[in-house]
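Student: Let me begin by handing over the structure; questions about it come next.
The values are calculated or read from the model by the stated rules, or taken from the named source; none is laboratory data. This one's a predicted model, so the numbers in the text were calculated from it and none came from an experiment. A quick note on method: Cβ atoms are made from the backbone with ideal geometry, for glycine too, and the neighbour counts reach across all protein chains shown.
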Amino acid sequence: MTSPASGASLADLPEYAPIPPSAHGVTPNEQGYYVGRVERNLYWVTDGVYQAAFLTTRDGVVLFDAPPSIGGNLQRAVDEIAAAEGVSNTVTHLVYSHHHDDHSGASSLFGGNVVRIGHEETRRLLLRDSNPTRPAPEVTFADTYTLEVGGERVELAWHGPNHSPDNIYIHFPDHDALMLIDVVNSGWVPIYNLNLSEDVPGYIAAPEIALSYPWTHFIGGHLSRLGTRDDVALHQQYIADIEASAKEALATVNPVPYYTHYGENFWAGVKAHLDAVTERAAAPIVAKYTGVLAAADVKELTYTTTFTIMQSLRLDSGPSGPVHP
């Protein structure tokens, strides 16, 4: 049967390696969400693909991110815990990890009386985007901010751009947890282009910064389980292997035949050369991590991440090529 949208048969879709056991997590309930305790009165919510978190306090609930795919189930999760624990179900504060809509697009569901908090760049970008579903934060900070609500403390920090210009580290020192969104997908490879990240050196450096904090539980923003320090270390090794492989490929793949073949069609020569470098660099990574990190064998994911890192090595680290005499 042919899909009118794609023109392709389902029989043409590729098959991939089974998901390794380490990638499996919780199963959402009939309403489409799962809510679980991280530690004490800190909870996390997932729909299987996206994650958010909330902290119950004597003065109300502090919500961390509002992914639209979870949407109204965020309040249902809060209601469930509030009923079970005998605490308030009123969301009084909402912290943005960063400005991207897929992690903040349900913010408006919580009305105009919620105190929204985020990095100063988050405010600038949300004002620029002017999306009514994502009101800009009223409370902002440049480097660090200590949020204190109802006897609870959360440390917010910006350590430079990574996935986005404004992506922050959210540390729960009294709950042994760290929240850092869109950098490490626990048990899985990043999606396209390092999780669609805007600053490659910052993205590569972010896990080391994350590991400098004391924590046991990691909230990465995606998929169906919490992460561990081992998950972050495995992600670092995956990225480091790609860096090393890309450096080797850049040094050994001869560009001359590609440019000679295409002559005046310079961009065709560039494509052929960089495709060859990416293929050489990514192939051993796919082989090494298939069965270790879920979706490592979905070539477009590892290949685009490899391409992005390879280009960063050329353009950010340099040199991009020999200097003409």
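Student: When you check Ile117 against the structure, is it of a type in the set (A, V, I, L, M), in contact with a Ser or Thr (Cβ under 9 Å, 6 or more places away or on another chain) and under 30 Å from Gly160 (Cα atoms), yes or no? So that I can check it myself, show each step before the final result.
Tutor: Values: of a type in the set (A, V, I, L, M): yes; in contact with a Ser or Thr (Cβ under 9 Å, 6 or more places away or on another chain): yes; under 30 Å from Gly160 (Cα atoms): yes.
Taking the combined requirement at face value, the residue satisfies it.
Student: Any idea how many residues of segment 84-101 are over 22 Å from the mean Cα position of the chain (by Cα) and crowded, with 19+ Cβ neighbours inside 10 Å? Full working, then the answer.
Tutor: Pass one, segment 84-101, residues over 22 Å from the mean Cα position of the chain (by Cα): 84-93.
Applying the additional criterion that residues be crowded, with 19+ Cβ neighbours inside 10 Å yields 91, 93.
Residues in segment 84-101 being over 22 Å from the mean Cα position of the chain (by Cα) and crowded, with 19+ Cβ neighbours inside 10 Å: 2 in total.
Student: Among the residues of segment 247-295 satisfying the criterion of being out of contact with any Ser or Thr (no Cβ under 8 Å at 6 or more places or on another chain), touching a residue at least 24 places away in the same chain (Cβ under 8 Å) and not hydrophobic (A, V, I, L, M, F, W, C), which is surrounded by the most Cβ atoms within 10 Å (Cβ to Cβ)?
Tutor: Thr290
Student: So which residues in segment 267-300 are assigned to a helix (DSSP H, G or I) and small (Gly, Ala, Ser), if there are any at all?
Tutor: Step one: of segment 267-300, the residues assigned to a helix (DSSP H, G or I) are 267-289, 299-300.
Matches in segment 267-300: Ala268, Gly269, Ala272, Ala276, Ala281, Ala282, Ala283, Ala287.
Student: Shifting gears a bit: Identify all residues within segment 208-221 that are under 21 Å from Thr305 (Cα atoms) and surrounded by fewer than 24 Cβ atoms within 10 Å (Cβ to Cβ); write none if there are none.
Tutor: Initially, segment 208-221 is screened for residues under 21 Å from Thr305 (Cα atoms), giving 208-210, 220-221.
Correct list: Glu208, Ile209.
Student: Give Ile70, Ile81 a once-over and let me know the one that is in a loop (DSSP other than H, G, I, E, B), in contact (Cβ under 8 Å) with a residue 24 or more places away in the chain, crowded, with 19+ Cβ neighbours inside 10 Å and of a type in the set (A, V, I, L, M, F, W, C). Explain how you work it out, then say what you get.
Tutor: Values: Ile81 fails: in a loop (DSSP other than H, G, I, E, B).
Exactly one of Ile70, Ile81 is in a loop (DSSP other than H, G, I, E, B), in contact (Cβ under 8 Å) with a residue 24 or more places away in the chain, crowded, with 19+ Cβ neighbours inside 10 Å and of a type in the set (A, V, I, L, M, F, W, C), namely Ile70.
Student: Right, next: Any idea which of (1) in a strand (DSSP E or B); (2) over 13 Å from the mean Cα position of the chain (by Cα) is the one Phe218 doesn't satisfy?
Tutor: Of everything listed in (1) in a strand (DSSP E or B); (2) over 13 Å from the mean Cα position of the chain (by Cα), Phe218 misses just condition (2).
Student: Please specify each residue of segment 131-161 satisfying the condition of being over 22 Å from Thr216 (Cα atoms) and crowded, with 17+ Cβ neighbours inside 10 Å.
Tutor: Arg134, Pro135, Ala136, Pro137, Thr140, Phe141, Val149, Gly150, Pro161, listed by residue number.
Student: Which ones in segment 48-67 are surrounded by fewer than 19 Cβ atoms within 10 Å (Cβ to Cβ) and within 25 Å of the chain's Cα centre (by Cα)?
Tutor: Gly48, Val49
Student: Run down Arg76, Arg40 and say which single residue is within 18 Å of Ala177 (Cβ to Cβ), assigned by TED's automatic domain parsing to the domain that holds Gly221 and among the basic types (Lys, Arg).
Tutor: The conditions single out Arg40.
Student: Taking the conditions exactly as written (assigned by TED's automatic domain parsing to the domain that holds Arg153 and of a type in the set (Ser, Thr, Tyr)), does Tyr16 satisfy them or not? Break it down into steps so the answer makes sense when it comes.
Tutor: Details: assigned by TED's automatic domain parsing to the domain that holds Arg153: no; of a type in the set (Ser, Thr, Tyr): yes.
So Tyr16 fails the test.
Student: Looking only at segment 252-266, count how many residues are within 29 Å of Ile191 (Cβ to Cβ) and part of a helix (DSSP H, G or I).
Tutor: So the answer is 2.
Student: Hey, another quick one. What number of residues in segment 193-206 are surrounded by fewer than 21 Cβ atoms within 10 Å (Cβ to Cβ) and either under 24 Å from Val45 (Cα atoms) or free of Cβ contacts under 8 Å to residues at least 60 places away in the same chain (or both)?
Tutor: Residues that pass the stated criteria total 5.
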